[in-house]
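Have a look at the structure below before the remarks.
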Protein chains: 2
Amino acid sequence: MTVRQLTLPELAEACLELGVPGVGLWREPVRAHGVEATAKLVRGAGLAVTSLCRGGFFTAIDPAARARALDDNRRAVEEAAALGTDTLLLVSGGLPAGSRDLRGARERIADALAELGPFAGQHGVRLALEALHPMYAADRCVLSTLAQALDLAERFPADQVGIAVDTYHVWWDDGAPGQIARAGATGRIHAFQLADWTTPLPAGVLDGRGQLGDGAVDMREWRGYVEAAGYTGPIEVELFNEALWARDGREVLRETAARFAEHVS
Amino acid sequence: MTVRQLTLPELAEACLELGVPGVGLWREPVRAHGVEATAKLVRGAGLAVTSLCRGGFFTAIDPAARARALDDNRRAVEEAAALGTDTLLLVSGGLPAGSRDLRGARERIADALAELGPFAGQHGVRLALEALHPMYAADRCVLSTLAQALDLAERFPADQVGIAVDTYHVWWDDGAPGQIARAGATGRIHAFQLADWTTPLPAGVLDGRGQLGDGAVDMREWRGYVEAAGYTGPIEVELFNEALWARDGREVLRETAARFAEHVS
């Protein structure tokens, strides 16, 4: 998504040129290119698929909507397995229209995980619950802190359900480092993603994630937390940013790799 | 601020008509009207001044900027006393330009409170630290949770420093009800403010606070938390909303009073 202006073949080629060893993919471009064709493309390029984004949206009350969400998530698990990644990221969903019941919505996520977790486990795919920034609590994800995500994840085996740590969402939270340690102790850090926090936020607050080094987040500090917790997995950079999308994708990828070297490595 | 389109005399008259017994004032319109003239106006109308908003912005590193901030806050304390309110709301400040040190910024707030708290106490004014929503952590207020605000407040006497509870900022936080109980137990809930959470957020995320009943927040639930914690003070409605500001101020005040009756009383 950081360089969504590139086609998947262009992305694979650019990653190879820059020595980027792996890539997190989103379902929409993968399905547009074809799941099998994408798997073949990335395998041929020697690229690891670090994660697939995203499943989730489990908070509906209507039974038919819940059944559709579970069906879609089973497809996402199968797509992840076909792409050769062991990690499916989950954005859990916001409040249904007219509801003010955050607790109830969180319980419905647990209900969905109870069905989806074993299915994912059978496919060798781990579900990574992402705590989203509290500004998304109403309309996107009722899990706003790592503590809340981990409270849910710990009801299930670690090889079925863990959490994703994204600096953009948790950088403000002085409880997050402790939760990262807690997650690491049971092997539940299933993904680690970077984006910087820059202001002012754009309308809708979706596409304002900052390039590494441009904002308030100390990337090395957070890398230190996950590594101290035993995390040895990939580090993904996930920027949704209109200004970056408007530029040449290869140039943005080159800049991002340089920023990664400067602020993370 | 909810009806900033009204002059202070218009506001006082409209409050009387609607039976609104008190009003929280902001410093800018008060100073424009004159502090003494405002005090006389609200006294004459029989209106309580429930709070003065706002002091704060304590996070600068530069000594001259810090001294200026303290001077300004002393003036704010004096203005609060002159207006006859015992509560000054504090927005603590964000990260200084180029800084990524949230912890250091929070400590500088404590340093300022150590000077300002006794001064406020001498004037019969309580400082109310407001935890602002985490989306303001970088540029407006490094205190993002009631727990953080209370950790700071508890270093000082309760009649000098407490917290403000604003539903807009804390509604997403499942730790907030427990922190409200903690604050109440030591008499540190110095203000209680309402605004609803509506989406999508506008650019800059400052002026999108929802009218009571329009969003995700259960107002009675939060009123219940502060009352269970022993709070008996005023309940303020504080909406920053371009759409409300564009309408007739008396009509907005009437609507707000009706929403208060429907969703809070």
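Would you confirm whether any residue within the range A:207-215 is surrounded by fewer than 18 Cβ atoms within 10 Å (Cβ to Cβ), over 22 Å from residue B:94 (Cβ atoms) and under 20 Å from the mean Cα position of the chain (by Cα)?
Looking only at the range A:207-215, we keep the residues that are surrounded by fewer than 18 Cβ atoms within 10 Å (Cβ to Cβ), and these are A:207, A:213-214.
Cutting the leftovers down to over 22 Å from residue B:94 (Cβ atoms) gives us none.
Scanning the range A:207-215 turns up no residue that is surrounded by fewer than 18 Cβ atoms within 10 Å (Cβ to Cβ), over 22 Å from residue B:94 (Cβ atoms) and under 20 Å from the mean Cα position of the chain (by Cα).
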Notebook entry, point to check: Could you say whether any residue in the range A:222-239 is within 11 Å of chain B (Cβ to nearest Cβ) and either over 18 Å from the mean Cα position of the chain (by Cα) or not β-branched (Val, Ile, Thr) (or both)?
Noted result: yes
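Looking at the range A:231-245 only, could you name the residues that are closer than 17 Å to residue A:265 by Cα and out of contact with any strand residue (DSSP E or B) (no Cβ under 7 Å at 6 or more places or on another chain)?
In the first step, residues of the range A:231-245 are kept if they are closer than 17 Å to residue A:265 by Cα; the result is A:231-238.
Selection gives A:232 alone.
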Next item on the list: Just need a number here: residues in the range B:59-111 that are within 29 Å of residue B:43 (Cα to Cα) and either within 14 Å of chain A (Cβ to nearest Cβ) or crowded, with 18+ Cβ neighbours inside 10 Å (or both).
Entry: 14
Item checked: Residue identified as closer than 26 Å to residue A:77 by Cβ, away from chain B (no Cβ under 14 Å), in contact with a Ser or Thr (Cβ under 6 Å, 6 or more places away or on another chain) and of a type in the set (Gly, Ala, Ser) among A:183, A:191 -> A:191
Next item on the list: Please go through the range B:191-222 and pick out each residue that is among the small types (Gly, Ala, Ser), out of contact with any Pro (no Cβ under 8 Å at 6 or more places or on another chain) and part of a loop (DSSP other than H, G, I, E, B).
Entry: B:195, B:213, B:215, B:216
Notebook entry, point to check: Is it the case that some residue within the range B:239-262 is part of a loop (DSSP other than H, G, I, E, B) and within 24 Å of residue B:138 (Cα to Cα)?
Noted result: yes
Check: Any idea which of (1) under 16 Å from residue B:144 (Cβ atoms); (2) out of contact with any strand residue (DSSP E or B) (no Cβ under 6 Å at 6 or more places or on another chain); (3) of a type outside the set (D, E, K, R); (4) touching a residue at least 24 places away in the same chain (Cβ under 8 Å) is the one residue A:134 doesn't satisfy?
Finding: (4)
Notebook entry, point to check: Restricting attention to the range A:112-129, and to residues there that are touching a Leu at 6+ places or on another chain (Cβ under 6 Å) and not in a helix (DSSP H, G or I), which single residue is nearest to the other protein chains (Cβ to nearest Cβ)?
Noted result: A:129
Margin query: When the residues of the range A:152-180 are narrowed to those that are more than 9 Å from every other protein chain (Cβ to nearest Cβ) and among the charged types (D, E, K, R), which ends up farthest from residue A:220 (Cα to Cα)?
Written below: A:155
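The numbers here are math on the coordinates, done by the rules we state, and not lab data. For clarity, every value in this text was computed on a predicted model and none was experimentally measured. Methodologically, a virtual Cβ is constructed for each residue, glycine included, from the backbone with ideal geometry; neighbour enumeration extends over all protein chains shown.
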